[in-house]
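Participant: Quick one: structure below, then a few questions.
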Amino acid sequence: MGSAQQLHLGVALDGAGQHPAAWRVSGIRPAALFTAAHYLAHARLAEAASLDFVTLDDTLALQPGGEEVVRGRLDALLTFAALAPVTSGIGLVPTVTTTHTEPFHLSTAVASLDFASRGRAGVLAVPSRTEAEVAHFGRRTLPSEVDAEAENAEVVDVIARLWDSWEDGAIIRDEPTGRFIDREKLHYVDFEGRFFSVKGPSITPRPPQGHPVVAVYGDSPYAQGAEVVLIDEIRDARVRFPGAKLLAGLSVVLAETEQAAIDRRHALEAYAPFPTGGLSFTGTPADLAAELPRLAAASGLDGFHIRPAVLPDDLELFTAETVPALQAAGVFRQAYTGTTLRDHLGLGVAANQYAEA
């Protein structure tokens with residue numbers, strides 16, 4: 001008999017939770033949403049359960065909605081940079097908008113997060129699709145959806161080239177010869193694309209992981225080459241993304257009994273409907289633990305991107321009860337066995353495209 005499939009699990013730490021009214025029922029003070037301590041507390045819950053990574057949503061515009069929803073946010077990458085030195089195992093995957101961000105700046109920022117976290121950084125690369133974001137910059141018109149996705153793919157290509165522009169042994173610190181770096185191990189990238197022209201090399205040495213993990217959403221027509229794809233539509237997912245780690249978005253409302261979970265969901269829906277898209281589960285932590293391996297096997301998934309409806313309530317139940325049940329079933333790690341996010345996800349060492357074989 002073969003061993004059971006090992007699941008990969010990430011969790012979203014967005015605001016007070018995925019539901020728009022989460023801030024009204026959570027015990028978290030609304031002011032805490034704008035502190036690093038809020039995100040650190042939840043990242044540590046995820047880390048104690050040996051989850052693969054946490055994500056934090058971000059855009060260059062205010063959240064849609066009126067006075068009844070949380071509006072305003074901290075910069076995701078900078079927030080996770082604050083978490084990096086005070087966490088030790090959890091992967092940190094901030095969302096970064098690529099449409100109005102130069103790939104050179106993005107590459108150095110994510111590389112710096114990888115250094116700060118000692119190899120646990122990733123980036124969720126997303127394009128901008130709103131006039132509101134365009135208006136903040138005034139440099140261009142709103143790109144079409146196709147062009148925005150194509151530009152996003154080009155950014156992902158460029159940042160990997162810039163990470164590779166320093167070989168791993170480029171820093172030599174040779175005092176007798178007075179050489180801090182081996183110039184032969186720095187490379188121009190000389191990228192000429194549709195959207196960018198980038199000379200290189202980077203100003204930041206190659207990150208500890210070589211390539212911090214790059215994730216994209218599965219609705220992009222350019223997602224096929226990504227290492228990690230977060231999907232809402234699970235039908236034929238493995239056919240569409242044959243080489244990627246596939247994690248399905250899953251909104252969860254948990255309680256100790258199924259009826260209590262249903263009551264919690266109804267109470268939230270009395271304020272506002274749940275966001276559309278992705279899978280949802282309402283029930284007990286034990287029932288969720290039974291459902292996840294079945295769903296992963298049936299749909300060809302590698303794991304799930306958990307979206308707690310309310311923080312910390314649903315994350316606490318998930319880490320305290322669902323994860324131990326998954327561990328007891330032999331489908332999730334008991335503890336971290338590697339030190340980097342690539343280790344957690346089983347992605348292997350990233351080859352440097354400019355280094356000689």
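The values are calculated or read from the model by the stated rules, or taken from the named source; none is laboratory data. Everything numeric here is computed off the predicted structure, so don't read it as measured data. No Cβ is skipped: glycine too gets one built from the backbone with ideal geometry, and neighbour counts run over all protein chains shown. Heavy atoms of the whole protein, side chains included, go into the accessibility calculation; ligands, DNA and RNA do not. Shrake-Rupley method; radii C 1.70, N 1.55, O 1.52, S 1.80 Å.
Participant: Using the Cβ atoms and a cut-off under 14 Å, what net charge is assigned to the surroundings of Ser26, where Lys and Arg are +1 and Asp and Glu are -1? Please list the in-between numbers first.
Facilitator: Numbers: positive: Arg24, Arg29, Arg264; negative: Asp14, Asp313, Asp314, Glu316.
Around Ser26, the charge tally is -1.
Participant: Another one. Mind listing the phi-derived Karplus ³J(HN,Hα) values for region 105-120, rounded to whole Hz, using 6.51, -1.76 and 1.60 with θ = phi - 60°, and x for any glycine or proline?
Facilitator: 3J(HN,Hα) across region 105-120, in whole Hz: 5, 5, 5, 6, 5, 6, 4, 5, 5, 5, 5, 5, 9, 6, x, 10.
Participant: Could I ask something else about it? What is the Å³ per residue value for the convex hull set by the Cα atoms of the chain? Write down the numbers at each step before the final one.
Facilitator: On the way: hull volume 56.7 nm³, N = 357.
Per residue, the Cα convex hull of the chain comes to 159 Å³.
Participant: Also, I was wondering about something else. What is the distance in Å between the Cα centres of region 260-279 and region 94-118?
Facilitator: 34
Participant: What do you reckon, how do Phe304, Phe180, Phe34, Phe104 stack up by accessible area (1.4 Å probe), largest on top? Before the final figure, lay out each step's value.
Facilitator: Working: Phe304 0, Phe180 120, Phe34 95, Phe104 60 Å².
Largest accessible area first, the list is Phe180, Phe34, Phe104, Phe304.
Participant: Starting from the Cα-Cα distance between Leu78 and His105, subtract it from 0.36 nm times their residue separation and give me the gain in nm to one decimal. Please list the in-between numbers first.
Facilitator: Values: separation 27, 0.36 × 27 = 9.72 nm, distance 1.32 nm.
Difference between extended and current length: 8.4 nm.
Participant: If you don't mind, another one. Taking θ = phi - 60°, what integer Hz values does the Karplus form 6.51 cos²θ - 1.76 cosθ + 1.60 yield along region 208-219, in sequence order, with x for Gly and Pro?
Facilitator: x, 7, x, 10, x, 5, 9, 10, 9, 7, x, 7
Participant: Sort Ile262, Ile203 from largest to smallest accessible area, using a 1.4 Å probe on the heavy atoms of the protein chains. Intermediate results must be reported in sequence, preceding the final value.
Facilitator: Values: Ile262 50, Ile203 125 Å².
Largest accessible area first, the residues go Ile203, Ile262.
Participant: Work out from phi, with θ = phi - 60° and the Karplus expression 6.51 cos²θ - 1.76 cosθ + 1.60, the ³J(HN,Hα) of each residue of region 86-102, listed in order in whole Hz, and give x for Gly and Pro.
Facilitator: Residue by residue, region 86-102 yields 10, 10, 9, x, 6, x, 10, 10, x, 7, 10, 7, 9, 5, 10, 10, 5 Hz.
Participant: Amide H of Asp58: which non-local residues (sequence gap of 5 or more, or other chain) have their own amide H closer than 5 Å, using H built in the peptide plane?
Facilitator: The list, which skips near neighbours in sequence, is Thr95.
Participant: Roughly how tilted is helix 258-271, in degrees to the nearest 10 and between 0 and 90, from the longest Cα axis of the chain?
Facilitator: So the inclination is approximately 70 degrees.
Participant: When you count, for each residue, the other Cβ atoms within 10 Å and take the mean per peptide, how do 327-339, 37-49 rank with the highest first?
Facilitator: Details: 327-339: 14.5, 37-49: 19.8.
Final packing ranking: 37-49, 327-339.
Participant: Also, I was wondering about something else. Given 25 °C and 0.890 mPa s, how large is the Stokes-Einstein diffusion coefficient of region 151-237 in µm²/s, with Rh as the Kirkwood radius over Cα pairs?
Facilitator: On the way: Rh = 15.0 Å.
Here the translational diffusion coefficient equals 164 µm²/s.
Participant: Rounded to the nearest 5, what % of DSSP beta bridges with both residues in the chain are antiparallel?
Facilitator: Details: 5 of 41 bridges.
Bridges in the chain are about 10 percent antiparallel.
Participant: Still on this structure: Modelled label-to-label distance, Asp182 and Ala320, 7 Å Cα→beta-carbon offset: nm?
Facilitator: 5.3
Participant: To the nearest 0.05, what FRET efficiency results for Glu258 and Ala61 with a Förster distance of 30 Å applied to their C-beta separation?
Facilitator: Values: r = 38 Å, r/R0 = 1.27.
The computed FRET efficiency comes out at 0.20.
Participant: So what's the gap between the Cα centers of region 130-186 and region 1-57, to the nearest angstrom?
Facilitator: Region 130-186 and region 1-57 have Cα centres separated by 29 Å.
Participant: Would you kindly state how much longer the chain becomes between Phe137 and Gln334 on full extension, computed as 0.36 nm times their sequence separation minus their alpha carbon distance, in nm to one decimal? Please list the in-between numbers first.
Facilitator: On the way: separation 197, 0.36 × 197 = 70.92 nm, distance 4.67 nm.
Result: 66.3 nm gained on full extension.
Participant: By average Cβ neighbour count within 10 Å, what is the ranking of 231-240, 287-296 from highest down? Can you show the working numbers first?
Facilitator: Numbers: 231-240: 15.0, 287-296: 18.1.
Output ranking for 231-240, 287-296: 287-296, 231-240.
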